[in-house]
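Some notes on the structure that comes next.
The values are calculated or read from the model by the stated rules, or taken from the named source; none is laboratory data. These numbers were taken from a predicted model, which means no experiment stands behind them. What goes into the accessible areas is simple: the full protein's heavy atoms, side chains included, and nothing from ligands, DNA or RNA. Shrake-Rupley method; radii C 1.70, N 1.55, O 1.52, S 1.80 Å.
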Amino acid sequence: MTALVWLLIPLFAAVGAGLWGGWASRSRKGVEDGTELAGYTRFREAMEKSHSRG
């Protein structure tokens, strides 16, 4: 009987890992990259301007 209990531990771990993996890879529809991309574009332009002066 104790051997069956020890076999349940990896089973629960596998089920838990599957649930966590599904939750972690879910699609997030409310996230937009527009502001981050605009900030990166401004940063890149500023770096190009400062590099061309020197």
_Computed from the coordinates I sent, Kirkwood radius over Cα pairs in Å equals one of (1) 13.2; (2) 12.1; (3) 15.9. Tell me the label._
(3)
*How much solvent-accessible surface does PHE43 expose, in Å² to the nearest 10, with a 1.4 Å probe and all protein chains in place?*
120 Å²
_Accessible surface, per residue, of the chain when the full set of protein chains is kept, probe 1.4 Å, Å²_ = 98 Å²
*Measure nothing but the geometry: give the 0 to 90° angle between the long axis through the Cα atoms of 34-53 and the longest principal axis through the Cα atoms of the chain, rounded to 10°.*
40 degrees
*Which angle from 0 to 90°, rounded to the nearest 10, does the C-alpha axis of helix 2-24 make with the longest principal axis of the chain?*
20 degrees
